[in-house]
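Since the structure comes first, as structure tokens, the remarks are kept for the end.
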Amino acid sequence: MIANFGFGVLVITFLVTVYSVFAAIYGDRKQIPAMVESARRAMLLTWPLLSLTAGVLIYLLVNNHFEVQFVYEVTSRSMPTYLKVTAWWGGQAGSLLFWSWLMSAFASLVTLRKWDRDREFLPWVIVVACITMAFFSASSCWCAPTVRARRRSWIKQRTGRHVTWSTTSRRNLPMRISLGWERRRRRPAGTACG
């Protein structure tokens with residue numbers, strides 16, 4: 001449930017960054033300062049949204065929510081808490097979220113300064129920063145999802161005489177565990193081993 005909330009906030013962040021790009025371009029082309037200000041405020045909104053998503057991911061990491069693919073891949077129950085928190089950037093998906101969080105923090109700090117002298121550059125700063133953040137947000141959402149719950153499917157495996165059940169997802173193939181006797185092909189005596 002909380003993983004779906006984090007994923008939803010990440011999708012909203014992506015949509016806000018895309019809006020910010022188009023609002024900044026439109027405001028600059030049509031000379032509408034209110035649209036540029038709207039784009040700036042939308043860009044300022046990305047940092048709290050990404051902070052919320054990062055907080056959800058850290059919560060999932062610390063509390064061992066292994067139904068989330070990313071948590072399943074980078075943590076274990078035996079890890080201390082500080083290592084679970086730093087596992088946020090332990091995999092590619094978490095690193096993408098971390099980089100987008102840092103990018104939004106720095107871009108927000110840049111746009112909070114007084115732009116009275118260089119007002120004509122503000123829309124293009126917003127466009128470049130938000131295109132980069134949209135790329136990282138889209139990568140975090142769809143290419144390497146961090147806070148989306150993984151799909152479970154139970155697969156029946158045969159290993160020798162024993163039958164085991166294991167859980168898998170689209171990305172993980174089930175690990176094959178050999179529990180007992182397995183049939184081996186017998187070679188007739190005197191044949192080559194090849």
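The values are calculated or read from the model by the stated rules, or taken from the named source; none is laboratory data. Note that this is a predicted model, so its numbers are computed, not measured. Here the Cβ positions follow ideal geometry from the backbone for every residue, glycine too, while neighbour counts run over all protein chains shown.
Step by step: first the residues of region 147-168, then only those that are touching a helix residue (DSSP H, G or I) at 6+ places or on another chain (Cβ under 6 Å) and of a type in the set (D, E, K, R), then the one that is modelled with the lowest pLDDT. Which residue is that?
150
Residues checked against (1) at pLDDT below 90; (2) among the charged types (D, E, K, R); (3) outside any helix (DSSP H, G or I):
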position	(1), (2), (3)
102	no, no, no
109	no, no, no
129	no, no, no
133	no, no, no
139	yes, no, no
145	yes, no, yes
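How many residues does region 102-136 hold that are aromatic (Phe, Trp, Tyr) and over 30 Å from the mean Cα position of the chain (by Cα)?
2
Which pairs do you get when a residue that is without any contact (Cβ under 8 Å) to a residue 40 or more places away in the chain, found in region 14-30, comes within reach of a residue that is of a type in the set (Ser, Thr, Tyr) and buried (at least 21 other Cβ atoms within 10 Å of the Cβ), reach meaning Cβ atoms under 6 angstrom, with the pair 6+ apart or on two chains?
Partner pairs satisfying both residue conditions: 16/46.
Please find, among 34, 42, the residue that is buried (at least 16 other Cβ atoms within 10 Å of the Cβ) and over 16 Å from the mean Cα position of the chain (by Cα).
Details: 34 fails: buried (at least 16 other Cβ atoms within 10 Å of the Cβ).
Among 34, 42, only 42 is buried (at least 16 other Cβ atoms within 10 Å of the Cβ) and over 16 Å from the mean Cα position of the chain (by Cα).
Would region 23-31 turn up any residue that is assigned by TED's automatic domain parsing to the domain that holds residue 128, polar (S, T, N, Q) and in a helix (DSSP H, G or I)?
Checking region 23-31: not a single residue is assigned by TED's automatic domain parsing to the domain that holds residue 128, polar (S, T, N, Q) and in a helix (DSSP H, G or I).
A quick yes/no check of all residues on (1) of a type in the set (Ser, Thr, Tyr); (2) farther than 17 Å from residue 125 by Cβ:
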residue: 2; (1), (2): no, yes
residue: 6; (1), (2): no, yes
residue: 12; (1), (2): no, yes
residue: 20; (1), (2): yes, no
residue: 30; (1), (2): no, yes
residue: 45; (1), (2): no, no
residue: 70; (1), (2): no, yes
residue: 75; (1), (2): yes, yes
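May I ask you to verify whether residue 61 is modelled with pLDDT of 90 or more, assigned by TED's automatic domain parsing to the domain that holds residue 131 and surrounded by fewer than 21 Cβ atoms within 10 Å (Cβ to Cβ)?
Values: modelled with pLDDT of 90 or more: yes; assigned by TED's automatic domain parsing to the domain that holds residue 131: yes; surrounded by fewer than 21 Cβ atoms within 10 Å (Cβ to Cβ): no.
When the stated conditions are applied, residue 61 does not pass them.
Is there any pair linking a residue in region 98-120 that is over 16 Å from residue 41 (Cβ atoms) to one that is among the polar types (S, T, N, Q), with Cβ under 7 Å and at least six apart or on different chains, and which?
So the pair list comes out as 100/137; 100/140; 101/51; 103/132.
Provide a single number: the residues in region 70-84 that are in contact with a helix residue (DSSP H, G or I) (Cβ under 8 Å, 6 or more places away or on another chain) and surrounded by 15 or more Cβ atoms within 10 Å (Cβ to Cβ).
The number of residues fulfilling the criteria is 6.
Can you pull out the residues in region 69-93 that are among the aliphatic types (A, V, I, L, M), closer than 15 Å to residue 6 by Cβ and without any contact (Cβ under 8 Å) to a residue 40 or more places away in the chain?
Correct list: 71 only.
Within the bounds of region 102-119, is there any residue that is closer than 17 Å to residue 25 by Cα, surrounded by fewer than 16 Cβ atoms within 10 Å (Cβ to Cβ) and of a type outside the set (A, V, I, L, M, F, W, C)?
yes
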